[in-house]
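The values are calculated or read from the model by the stated rules, or taken from the named source; none is laboratory data. On a predicted model such as this, the values are computed, not experimentally measured, just so you know. Cβ: placed from backbone, ideal geometry, glycine included. Neighbour counts: every protein chain shown. Each accessible area value is taken on the protein alone, full model and side chains, heavy atoms only, with ligands, DNA and RNA left out. Shrake-Rupley method; radii C 1.70, N 1.55, O 1.52, S 1.80 Å.
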Amino acid sequence: MGEAGKNVRESYLDFENVQYISEEEHRELIKRCHPQKGDVLYTKVGTTGIARAIDTNQEFSIFVSVALLRPDRNEVIHEYLEKVLNSPICREQAKALTQGVGNQNLVIKDLKRIEFPLSPLPEQKRIAAKIQDLMQEVERARTACEKQLEAAKALPAAYLRGVFEGEEAKKWERKKLEEIAKVFAGSSAPQESKYFKNGKYPFVRVQDLGRYRKTIDLKDIKDCINDVAIKELSLIKAEKGVILFPKSGAAITTNSRAILGINAFIVSHLAALKPKVEIADNHFLYYWLCLRDMARHMENPGYPSLKLSTISKILVPLPSLNIQHRIASQLKEKMAEVEKLRTGIEKQLEAITALPQSILRKAFKGEL
């Protein structure tokens with residue numbers, strides 16, 4: 001089994017995604033350096049400057065992307081060496097000493113130049129133990145926060161199921177999509193750069209639906225076409241308020257949906273619904289569509305594509321327009337609350353993620 005730089009993590013050694021080599025290759029590699037418990041592995045190719053002490057007796061070898069550091073036990077303990085090398089004081093040196101841009105490399109002679117504060121052994125043990133305790137607290141906080149985030153992410157679907165799969169919904173009339181909305185698709189995307197130069201008309205692609213979380217009022221479109229494209233090409237325009245979703249490609253299996261917040265031209269991989277305002281509320285239809293698994297309507301799963309004729313025949317549970325308005329308003333309010341909750345948890349998680357470097361910085365400035 002061989003360890004590469006990608007297998008060396010700050011908090012553990014990844015033995016699940018390793019490359020396996022023959023016994024002969026392993027024996028040849030360990031002639032150069034034989035990793036042992038208490039040694040410290042240090043990444044020197046790719047993402048450089050990550051240290052991890054070996055805390056296992058498992059037999060493995062390492063490739064050139066990883067350096068092996070064997071501490072002099074009379075001078076430094078491996079727990080301290082790992083943590084000081086991962087601290088900002090050493091990370092910044094490693095970054096400055098790393099050569100290359102695409103293929104980054106921290107060569108051994110430069111790695112040896114990294115300087116760090118060396119405390120007496122008893123103080124090293126105290127610092128390492130204190131850091132370990134604090135890191136465990138951080139990990140517990142991270143785990144709890146990640147669980148909160150997963151719970152927050154599950155709320156929208158739960159709200160939608162409560163509406164569209166509840167007892168009341170079973171009493172609603174079913175209508176075909178073509179009865180309550182105009183169903184159409186976009187046009188082929190312009191291929192020449194001349195059609196995008198100084199563009200001012202938004203051109204929506206499938207990735208625009210998934211690029212941003214807020215898709216109920218989609219306005220921030222990456223690409224814009226110009227007057228030349230309008231004049232020379234037969235493009236399909238969708239009006240503000242039209243609902244979009246993928247009709248071909250792998251994105252069919254995702255829940256990428258959007259309501260246009262502006263008039264825009266759309267790509268052929270998108271299907272569009274323009275609700276008849278006297279029958280259907282576009283936000284109600286959008287929320288129903290967010291819960292709908294459109295992949296189930298594909299006629300050939302091997303070729304991910306939806307026919308407009310098939311989409312048109314899909315049955316939609318449709319209460320009165322007043323009820324649609326009320327439900328859409330309630331769901332919009334709930335989704336805004338979920339988004340606020342989710343954003344808050346994500347910011348909290350970002351703060352927790354930054355704590356380890358803050359702890360290490362303080363530890364080796366003598367503030368722990």
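Some observations on this one:
- Over the stretch 219-368, the pair-distance histogram of Cα-Cα distances with 10 Å bins from zero comes to 9, 27, 27, 18, 9, 7, 3, 0 percent, rounded to whole numbers.
- Here, the stretch 64-187 is characterised by an Rg to Rh ratio of 1.36, where Rg is the alpha-carbon radius of gyration and Rh the Kirkwood radius.
- Above-threshold pairs, the threshold being 23 Å between Cα atoms, out of K240/K332; K83/K112; K194/K237; K182/K240; K171/K274: K171/K274
- Ellipticity estimate at 222 nm from DSSP helix runs (n ≥ 4, -39,500 (n - 2.57)) divided over the chain, nearest 500: -13000 deg cm²/dmol
- Antiparallel DSSP beta bridges within the stretch 1-66, percent to nearest 5: 75
- Beta bridges by DSSP in the chain, antiparallel share as percent, to the nearest 5: 85
- Eligible aspartates and glutamates near K130 by straight Cα distance, threshold 12 Å, same-chain separation 8 or greater: E79, E367
- For the chain: accessible area per residue (Å², 1.4 Å): 55
- Of the GluC sites (Glu not before Pro) found in the stretch 1-72, the ones in coil according to DSSP and having at most 11 other Cβ atoms within 10 Å of their Cβ are E16, E59.
- The label-point distance for R9 and E179, in a model that sets each label 7 Å from Cα toward Cβ, rounds to 5.3 nm.
- A Cβ-based charge dipole, computed about the Cα centre of the chain with Lys and Arg at +1 and Asp and Glu at -1, lands at about 1100 debye.
- 3J(HN,Hα) from dihedral phi, the stretch 313-325, Karplus parametrisation 6.51/-1.76/1.60, rounded to Hz, x for glycine, proline: 8, 5, 8, 10, x, 9, x, 5, 4, 4, 5, 4, 4
- Averaging 1/r over every pair of different alpha carbons in the chain and inverting the result gives a Kirkwood radius of 25.4 Å.
- Karplus-based coupling profile of the stretch 140-146, in residue order and whole Hz: 5, 5, 5, 4, 5, 5, 5, with θ = phi - 60° in 6.51 cos²θ - 1.76 cosθ + 1.60 and x standing for Gly or Pro.
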